[in-house]
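Values in this text are rule-based calculations from the coordinates and carry no lab data. Bear in mind the structure is a predicted one, so any value in this text is a computation, not a measurement. Cβ placement follows ideal geometry from the backbone for every residue including glycine, while neighbour counts extend to all protein chains displayed.
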Amino acid sequence: MKIHEHQAKEILSRFGAPVPRNAGVALTPAEAMEGAIKLGGSCVLKAQVHVGGRGKAGGIKVAKSPEEAEQLAEKMLGMRLITRQAPQGEIVNKLLMEEPLQITNEFYLGIVPDRAAQRNTLIVSAMGGVDIEAVAEEHPEAIARMPIDPLLGLRDYQARAVCFDAKLPVEFIPRIAVILKQLYQAYLECDCSMAEINPLAVTSDGGIIAADAKILLDDNALYRHPEFLSMQEENEEDPLEAEAHRRGIQYVHLGGDIGIIGNGAGLVMATLDEVARAGGKPANFLDIGGGAKAELVRNSLELILSDPNVKGVLFNIFGGITRGDEVAKGILEATDKMDVRVPMVLRLAGTRAEEGMALLKGTKLNTCSTMQDAAAKVVALAHSAS
Amino acid sequence: MSIIVDENTRVIVQGITGREGAFHTDQMIDYGTKIVGGVVPGKGGTRTERGIPIFNTVKEAVDATGANASVIFVPAKFAADAILEANDGGVGLIVAITEGIPTRDMMESVRAVNLEGSMLIGPNCPGIISPGKCKIGILPGDIFTPGPVGLISRSGTLTYEIVDSLTRAGLGQTTCIGIGGDPIIGSRFIDMLKYFEYDPDTKVVVLIGEIGGNDEETAAEFIKTMKTPVIGFIGGRTAPPGKRMGHAGAIISGKSGTAQAKVEALMNAGVPVADTPHEIPQLVKASLGMTA
């Protein structure tokens with residue numbers, strides 16, 4: 001789950017990490033004006049969106065007076081922020097109001113799970129304030145890494161060593177090592193799947209502060225953190241994905257015109273590939289899991305048909321422990337009462353697949369016995385109908 | 001022969017009275033798996049309907065039954081604890097079916113299992129089967145048949161799909177392992193390939209990978225040193241970056257974890273990579289020197 005900068009900073013400050021003084025978030029220009037007054041007149045307005053690269057896109061502005069804060073907020077609230085990471089843009093609904101900083105130096109601190117090492121890994125760089133992936137590509141030598149034993153946790157010497165490896169200025173290392181430990185503690189206790197401070201800023205008065213912060217939370221661990229549930233902002237996700245989320249359906253919107261329903265993530269992925277090979281463009285990934293109960297099929301099909309681009313639907317189901325004839329009954333029960341105006345193709349394989357297919361003879365479902373035939377058929381039907 | 005599990009595997013079920021646990025225990029018994037006990041804290045001393053003795057702790061169950069494997073069906077919240085209990089109880093082989101375990105829990109559990117020297121398969125996996133001998137997990141037993149093909153996969157139903165087509169093509173299996181769709185799993189492709197390489201009956205291995213991580217690339221390096229031929233398939237060629245495709249581990253992060261990189265790594269290791277699942281039986285036949 002993605003959260004906003006102001007939420008990430010709130011978490012970090014709970015663990016003792018230094019963050020800029022703020023006046024909360026503004027939802028209106030009047031609130032931005034009030035915020036600037038609270039902060040002593042001038043303030044930085046930062047668009048709270050889930051994508052990086054917002055500075056260049058006009059999502060961060062400095063106001064020298066409360067009046068200017070109001071005027072800037074007027075322009076920024078409601079704007080569609082288009083960045084390299086989000087070409088379709090994200091609407092700005094709130095602005096974080098912070099004290100302006102006089103920055104003299106910028107570093108990078110981050111923690112991510114390293115799948116290969118099966119450990120969390122600290123990442124530190126003296127090249128802060130820019131996209132770390134770009135740094136990793138262009139200046140790999142400027143990045144220091146330190147894998148952390150999950151049973152021992154982050155030790156002081158490791159926090160120091162990774163800073164030395166990254167060639168941070170020696171005079172700052174004792175204080176930065178402390179911030180790294182605070183970041184690690186926050187990462188661990190909040191079940192993050194990524195936490196970064198970028199930049200970690202050195203200010204003209206000698207302070208060290210988390211000027212920007214980003215945190216991703218592990219969805220599987222949200223049950224341990226009811227306090228984060230209120231941070232979920234579905235309105236900022238893709239509307240179809242938000243609806244799937246509400247219905248409890250495993251769905252990813254892909255933007256093509258062939259709707260796809262299958263059981264099991266691997267099989268659905270292979271089905272998408274097969275549709276693409278047949279010359280179609282998958283509209284979505286949708287995994288109904290084991291079983292294929294009528295209600296879940298109906299729910300899933302409704303969701304897919306609410307995507308106006310969908311011109312055909314492909315079901316690809318492997319009957320395993322749930323037998324093929326039961327799956328066929330579920331799909332038939334679901335589709336029988338629905339007014340479906342696009343062609344539907346069903347491919348059923350595995351246990352009792354032949355019996356299942358026999359049940360579907362003469363219904364509005366076209367049947368195929370192989371994945372590649374089914375993909376070719378749904379693409380042909382969808383394209384001839386349109 | 002087969003790897004890891006066979007007729008001598010004695011299995012306990014953690015979570016044997018839950019809905020999933022009870023259903024799949026029946027399926028495993030019907031398949032012929034030696035289910036010797038179950039563990040449900042507080043229900044020790046009772047028996048299941050099929051007469052399987054239930055114990056309060058894994059340690060008690062192992063002491064009483066001589067179990068050398070455990071399969072875990074407990075909910076995600078309690079799954080890491082169950083893995084650690086199995087690890088501590090000395091069962092040697094732990095198969096975790098549970099989906100949705102937090103990453104932090106899995107990092108700690110995998111580290112503890114590695115220190116103990118136990119083997120963990122999963123989590124978020126369908127389990128392991130040596131056809132005709134032993135099935136641990138939720139795989140549909142009747143699509144498998146004994147034969148010379150070893151199979152390792154990150155997916156469940158895609159594995160069934162491919163096994164079904166192998167079986168229909170007359171190609172049976174030594175052992176099939178679903179290693180799981182999570183980013184942090186106990187046994188990876190390379191760990192299983194090492195077992196297959198030393199199994200005289202496995203004449204060819206089918207490796208079914210998908211987007212996310214770089215376990216396929218690591219496996220490809222090992223495959224270069226193997227005598228047993230390997231056939232590959234990678235799912236998710238059309239998946240966009242940054243989107244999690246159902247499995248927690250199936251995500252392209254930045255430029256890492258793409259299907260293209262995995263296909264290339266495997267092909268550089270001399271592995272024929274199928275473009276679509278239905279090509280796999282032909283590729284297997286060709287590697288066995290059978291006419292397709």
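A few comments on the model shown:
- When each of the peptides A:45-51, A:215-221, B:49-55, B:6-12 is scored by how many other beta carbons lie within 10 Å of its residues on average, the order from highest to lowest is A:45-51, A:215-221, B:6-12, B:49-55.
- A:Val178 paired with B:Thr218, simple spin-label distance in nm, labels 7 Å along Cα-to-beta-carbon: 3.7 nm
- Number of partner chain Cβ atoms within 10 Å, mean per residue of A:201-207: 0
- Seen from a random direction on average, the alpha-carbon convex hull of segment A:21-100 projects onto 4.3 square nanometres.
- Taking each DSSP H run with n ≥ 4 as -39500 (n - 2.57) and averaging over every residue of chain A yields -10500 deg cm²/dmol at 222 nm.
- Simple Cβ-charge dipole of segment B:140-287, Lys/Arg +1 and Asp/Glu -1, about Cα centre, in debye nearest 20: 220 debye
- Taking the longest Cα principal axis of chain A as reference, the axis of helix A:173-189 is set at about 30 degrees.
- Full extension of the chain segment joining A:Ser230 with A:Ala136 gains 30.4 nm, where the gain is 0.36 nm per residue of separation less the Cα-Cα distance.
- Cβ-derived FRET efficiency at R0 41 Å, A:Val170 paired with A:Met79, nearest 0.05: 0.45
- For segment A:270-314, the fraction of alpha-carbon pairs in successive 5 Å shells from zero, as %: 5, 19, 28, 23, 19, 6, 0
- Here the residues A:Arg14, A:Arg224, B:Arg104, ranked from fewest to most Cβ neighbours within 10 Å of their Cβ, fall in the order A:Arg14, A:Arg224, B:Arg104.
- Inter-chain Cβ neighbour average for residues B:150-160, partner chain, 10 Å: 6
- Beta bridge orientation in chain B: antiparallel %, DSSP, nearest 5: 20 percent
- By average C-beta atoms within 10 angstrom, highest first, the peptides A:124-133, A:71-80: A:124-133, A:71-80
- Difference of contour (0.36 nm per residue) and Cα-Cα distance, B:Asp30 to B:Asn8: 6.3 nm
- Assigned charges on the beta-carbon of Lys, Arg, Asp, Glu; segment B:10-121 dipole about Cα centre (debye): 140 debye
- Rounded Å value of the spacing that divides the Cα centres of segment B:89-153 and segment A:123-160: 33 Å
- Isotropic mean projected area of the C-alpha convex hull, segment A:151-262 (nm²): 11.4 nm²
- Values of log10 I(q)/I(0) for chain B across q = 0.07, 0.17 Å⁻¹ run -0.25, -1.36, by the Debye formula with one identical scatterer at each alpha carbon and no solvent.
- Computing FRET efficiency as 1/(1 + (r/R0)^6) for A:Arg145 and A:Ser65, where r is the C-beta to C-beta distance and R0 is 51 Å, gives about 0.70.
- Residue among B:Leu115, B:Phe222, B:Gly141 farthest towards the positive dipole end of the protein assembly as shown, charges placed on Cβ: B:Gly141
- When segment B:1-151 is reduced to its Cα atoms, the Kirkwood hydrodynamic radius in Å: 15.1 Å
- Annotation: average projected area of segment A:57-210 is 11.0 square nanometres, based on the convex hull of Cα atoms across all directions.
- Angstrom value of the Kirkwood radius, inverse mean 1/r, which spans all Cα pairs in the protein assembly as shown: 26.9 Å
- Between the Cα long axis of helix A:66-76 and the first principal axis of chain A there is an angle of about 20°, rounded to the nearest 10.
- Calculated [θ] (222 nm, deg cm²/dmol) that DSSP helices of n ≥ 4 give over chain B, each run adding -39,500 (n - 2.57): -10000 deg cm²/dmol
- Here A:Lys311 is the anchor, and the aspartates and glutamates within straight C-alpha reach of less than 16 Å, apart from those fewer than 8 places off in the same chain, are A:Asp257, A:Glu302, A:Asp339.
- Peptide A:132-144, shielding by other chains (average Cβ, 10 Å cutoff): 1
- Restricting segment A:126-215 to trypsin sites (Lys or Arg not before Pro) in coil, as DSSP defines it, with at most 15 other Cβ within 10 Å: A:Arg155, A:Lys167
- Here A:Val340 and B:Arg19 are evaluated by their C-beta separation; at R0 = 35 Å the FRET efficiency comes out at 0.60.
- Cross-link pairs exceeding 21 Å in C-alpha to C-alpha distance, out of A:Lys61/A:Lys214; A:Lys329/B:Lys135; B:Lys227/B:Lys255, comprise A:Lys329/B:Lys135; B:Lys227/B:Lys255.
- The angle between the Cα long axis of helix B:19-31 and the main principal axis of chain B comes to about 70°, on a 0 to 90 degree scale.
- The ellipsoid equivalent to the alpha-carbon distribution of segment A:239-385 has semi-axes of 20, 17, 15 angstrom, derived from the gyration tensor eigenvalues as √(5λ) and listed largest first.
- Euclidean distance of C-alpha centroids, segment B:250-266 and segment B:163-233, integer Å: 17 Å
- Considering all C-alpha pairs of chain A, those separated by over 35 Å amount to 43%.
- The Cα center of segment A:216-232 and the Cα center of segment B:1-72 differ in position by 34 Å.
- Net length gained if the chain between B:Asn56 and B:Leu115 were fully extended (0.36 nm per residue, minus Cα distance): 18.7 nm
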